Amino acid sequence: MADSTLEISTRPVRWIASLFDSFKSKPTRRQRLTLIDRINQVSSIRVTPFKSVGYQGDSLTFSALGLDSSADTVQGVRFEWESSDPDKLKIDNTGEATLLQPGMVRVICRAGSSQGAAFVLIRPGSRRPQTDQEWDADQDSFTVTDSSTGSTASDGQSADLIESLLGSLAPTAFAQNQGCTWGSDNSDFGYDELWSEPRNLTGNPRYRAAEGFRMGSVLPEGSNFNAAIPLYGLGGRGLGASLTLFYNSRVWSRHGSAITFNPTQGWPFAGFSLGFGRLFTYGSGSSTKYVWIDPDGTRRYLGVGSDTTTTTYQTSDGSHITFVGSKSSGGSLYFNDGTKVTITVINNRLLPTKIRDSNGNYILISYKTYNASTFPWRQAINYVTDTLGRQLQFNYDSCANLISITVPAFSSGTNTVVQFDYQSIGISNSFSGLTVENLPTGTVPALRHIFFDATDTGYKLDYSAYGMVYNISMRKDMSIDANGAITDGTERAAINFNYPTVGSSLTDAPAFTQRTETATNSPTATYYYSTADYGTLLGFLITQPDGSGLYMTRVKDASSVANGLMNYSVVTKDGQTYAFSWIGYANDPGGSVQVQSVTRQSDAAGQQSLTTFDYDQYGNVSNVREYGFQVSGQWQVRRRTRYVYKTDTSYINCVFRR
């Protein structure tokens, strides 16, 4: 267990993929459709985004939805892309466009004899950073109306004429939806402590003190639990488009004497993450700071630089994730295995629109268009298109709440694989001695049920007084009642964290001291959490149901390269040590902190073993030295494994560093 603690803290939750197997059923035999058959089924094409205002040098990623005569999605269609004016806008065969010269351009998408279009107004000069209000006004100033209902902007007009026409056009007006309470998608609220302060961390940050539990992991220092709920696994050619709903319970973050609710906006509610990550920025000018947020909510600091000039940034946590771009125009995010993520400015957020692996396989992500009156979410997904042209569609109700996800059916069309509903909750601001920031007023819709109708199973969520989930109930026999509502079904297991359920003048972020797990026909299991401060070390004890304890320490020394990182873990029971690990750290040649050595004791005789590691400048392990047990009180290398990597310019320039 002590050895597994390091594994939990340094790697993603890998058991999620195996859970998909439990949802699989034997597919029925179906007629095989050729690509030509699928293309011939397309009668109309919907291009996203339909209209955009961009600037010279910007990049845009377009995606398309092919519909048949019944308006059902046609899966597995390959689209062809074309620009009405290649001198102004250049677009490749994946829908990725570069804006070159001012003017208006029509982007044309074809599948067989059907075609769809999108319109781009390219303004002169480069985009400057915009507030949300400036972005909205800029986008609303360009109005394109479908030809079946009115006038259509043409692609033959000059930039000057387009600008003069736009000056006389009022932004499109939408009626405010009645009876809706919006979610908490306010502007992001950034500060350094979100990634530098250990108690504010979320997700699965590298080398931190963490405990694994049935649904994910716990960071005891900040009372954060990270839960992963697999929604759908769509295997693809080299690159799948699987969906997992992640939840992080640390929805309140501290900095100084202030406490902030939902600082990096969650979706579809505070603490949740559904998608493919995003780039988060704060600050301005040459002091703009860049943070990559993983799909599971892990925040990785990339660096500080200009908000307008394309610059290269890289994480220093050992992952060596690299971003090349800027806040104002987006850019590209690179992983060491050659994966490239295209980051585009969407709804004034830096969101991934294309993920491409080292073999050229890619998936596309399309987002809903923000509108303050009708759709007040800036990172809500519209649909995802995988390598084979199959699409996962996200569906919303009239109040802009995500209510279902549909996926390709076995024969044609789509199937609904998961449904959601919501409950209205109030969020307490009862703190003592702290300034409360970013708290929504009134009640907000919080995710309540997650329902898989193919198996009549799902989850029911309960919230504490401060807006975080404190109870996750796994259910069976769920259904949709006569009113279209998701029923509770019957509980088969539950995980409960004792967050406060009543507002009580807290002096710090809400915390838990125990986790209780229950299941049908099984005894109740309770885990207790406590913390001890030893000056240069901070200790965490998790007392387990059998009376054993998992004890971990992390370094609390700002002068140490290991500051904030777990350096010791031990499993004890009845005063006896059963296993422990000591971890030493050092910077690799690229300046990122890495594990340098691991000393273990896991045998009854109390003998210790040692393993050490060397790295190259990209964080790859270059040498592993295994010493085994000491001989005459001395460490002696018994085995060395050496790794040599490709460093040809053609690889390194593509950020293919493994």
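For S609, state whether it is within 30 Å of Y301 (Cα to Cα), part of a strand (DSSP E or B) and either without any contact (Cβ under 8 Å) to a residue 60 or more places away in the chain or touching a helix residue (DSSP H, G or I) at 6+ places or on another chain (Cβ under 8 Å) (or both). Before you say what the answer is, go through the steps one by one.
On the way: within 30 Å of Y301 (Cα to Cα): no; part of a strand (DSSP E or B): yes; either without any contact (Cβ under 8 Å) to a residue 60 or more places away in the chain or touching a helix residue (DSSP H, G or I) at 6+ places or on another chain (Cβ under 8 Å) (or both): yes.
In short, no.
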Practice prompt. Please identify the pairs in which a residue from the stretch 495-508 that is among the aliphatic types (A, V, I, L, M) has its Cβ atom under 7 Å from the Cβ atom of a residue that is assigned to a loop (DSSP other than H, G, I, E, B), counting only partners at least 6 apart or on another chain.
Written response: I495/R214; I495/M215; V502/A465; L506/S430; L506/S432
Worksheet item: Here are D92, D87: which of them is open to solvent by 40 Å² or more (accessible area, probe 1.4 Å), farther than 22 Å from G325 by Cβ and of a type in the set (D, E)?
Response: D87
Worksheet item: Name the residues in the stretch 277-298 that are within 13 Å of the chain's Cα centre (by Cα) and open to solvent by less than 30 Å² (accessible area, probe 1.4 Å), would you?
Response: G277, R278, L279, F280, V291, W292, I293, D294, D296, G297, T298
Item to complete: Give the number of residues within the stretch 294-306 that are in contact (Cβ under 8 Å) with a residue 60 or more places away in the chain and in contact with a Gly (Cβ under 6 Å, 6 or more places away or on another chain).
Response: 4
Discussion item. Which residue is farthest from P268 (Cα to Cα), if the candidates are limited to the stretch 347-360 and must be assigned to a loop (DSSP other than H, G, I, E, B) and open to solvent by less than 20 Å² (accessible area, probe 1.4 Å)?
Written reply: D357
Worksheet item: Across the stretch 612-630, what is the number of residues that are touching a strand residue (DSSP E or B) at 6+ places or on another chain (Cβ under 8 Å), crowded, with 16+ Cβ neighbours inside 10 Å and not in a strand (DSSP E or B)?
Response: 2
Fill in: Test: residue in the stretch 534-543 that is free of Cβ contacts under 8 Å to residues at least 24 places away in the same chain and open to solvent by less than 30 Å² (accessible area, probe 1.4 Å)
yes
Item to complete: Would you confirm whether any residue within the stretch 585-600 is touching a helix residue (DSSP H, G or I) at 6+ places or on another chain (Cβ under 9 Å) and without any contact (Cβ under 8 Å) to a residue 40 or more places away in the chain?
Response: no
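Does Q596 satisfy being within 25 Å of G303 (Cβ to Cβ) and either open to solvent by 70 Å² or more (accessible area, probe 1.4 Å) or assigned to a strand (DSSP E or B) (or both)? Don't jump to the end; show me each part of the working.
Numbers: within 25 Å of G303 (Cβ to Cβ): yes; either open to solvent by 70 Å² or more (accessible area, probe 1.4 Å) or assigned to a strand (DSSP E or B) (or both): yes.
When the stated conditions are applied, Q596 passes them.
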Discussion item. Considering only residues that are in a loop (DSSP other than H, G, I, E, B) and either of a type outside the set (D, E) or in contact with a Lys or Arg (Cβ under 9 Å, 6 or more places away or on another chain) (or both), which ones fall in the stretch 81-99?
Written reply: S84, D85, P86, K88, N93, T94, G95
Worksheet item: Applying the selection to the stretch 299-312, what residues are open to solvent by 40 Å² or more (accessible area, probe 1.4 Å), in a strand (DSSP E or B) and either small (G, A, S) or farther than 25 Å from F613 by Cβ (or both)?
Response: V304, T311, T312
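I need a count of the residues in the stretch 466-491 that are touching a residue at least 40 places away in the same chain (Cβ under 8 Å) and open to solvent by 10 Å² or more (accessible area, probe 1.4 Å).
4
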Worksheet item: For the stretch 178-258, which fully contained strands (runs of 3 or more DSSP E) count at least 2 residues that are of a type in the set (F, W, Y)?
Response: 224-232, 243-248
Worksheet item: Do we have D146 as of a type in the set (D, E, K, R), in a helix (DSSP H, G or I), open to solvent by 30 Å² or more (accessible area, probe 1.4 Å) and modelled with pLDDT under 70 here?
Response: no
Worksheet item: What is the one condition in (1) crowded, with 22+ Cβ neighbours inside 10 Å; (2) part of a loop (DSSP other than H, G, I, E, B); (3) out of contact with any Gly (no Cβ under 6 Å at 6 or more places or on another chain) that H320 does not satisfy?
Response: (3)
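Residues in the stretch 107-130 that are open to solvent by less than 70 Å² (accessible area, probe 1.4 Å) and free of Cβ contacts under 8 Å to residues at least 40 places away in the same chain: how many?
Kept after step one, since they are open to solvent by less than 70 Å² (accessible area, probe 1.4 Å), are these residues of the stretch 107-130: 107-109, 111-112, 114, 116-123, 125, 127, 129-130.
From what's left, free of Cβ contacts under 8 Å to residues at least 40 places away in the same chain: 108.
Residues that pass the stated criteria total 1.
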Worksheet entry | Any hit, the stretch 447-461, residues being closer than 26 Å to L279 by Cβ and buried (at least 19 other Cβ atoms within 10 Å of the Cβ) | yes
Discussion item. I'd like to know if the stretch 570-579 contains one or more residues that are surrounded by 15 or more Cβ atoms within 10 Å (Cβ to Cβ), among the basic types (K, R) and either touching a residue at least 24 places away in the same chain (Cβ under 8 Å) or in contact with a helix residue (DSSP H, G or I) (Cβ under 7 Å, 6 or more places away or on another chain) (or both).
Written reply: no
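With T385, T315, T344 as the choices, which residue is modelled with pLDDT of 95 or more, crowded, with 22+ Cβ neighbours inside 10 Å and among the β-branched types (V, I, T)? Steps first, answer last, please.
Working: T385 fails: modelled with pLDDT of 95 or more; T315 fails: crowded, with 22+ Cβ neighbours inside 10 Å.
Unique residue meeting the criteria: T344.
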Worksheet item: Going by the structure shown, is T342 more than 15 Å from the chain's Cα centre (by Cα) and over 29 Å from D421 (Cα atoms)?
Response: no
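Please find, within the stretch 492-518, the residue that is most open to solvent (accessible area, probe 1.4 Å) out of those that are β-branched (V, I, T) and not in a loop (DSSP other than H, G, I, E, B).
T518
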Worksheet item: Only one of these conditions is not met by T416: (1) among the hydroxyl-bearing types (S, T, Y); (2) open to solvent by 40 Å² or more (accessible area, probe 1.4 Å); (3) under 30 Å from G233 (Cβ atoms); (4) in contact (Cβ under 8 Å) with a residue 40 or more places away in the chain. Which number is it?
Response: (4)
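The values are calculated or read from the model by the stated rules, or taken from the named source; none is laboratory data. Small disclaimer: the values here were computed from a predicted structure and weren't measured. FYI the Cβ positions are ideal-geometry reconstructions off the backbone, even for glycines, and counts take in every protein chain you see. In case anyone asks, the SASA skips ligands and DNA or RNA and just uses the protein heavy atoms, side chains included. Shrake-Rupley method; radii C 1.70, N 1.55, O 1.52, S 1.80 Å.
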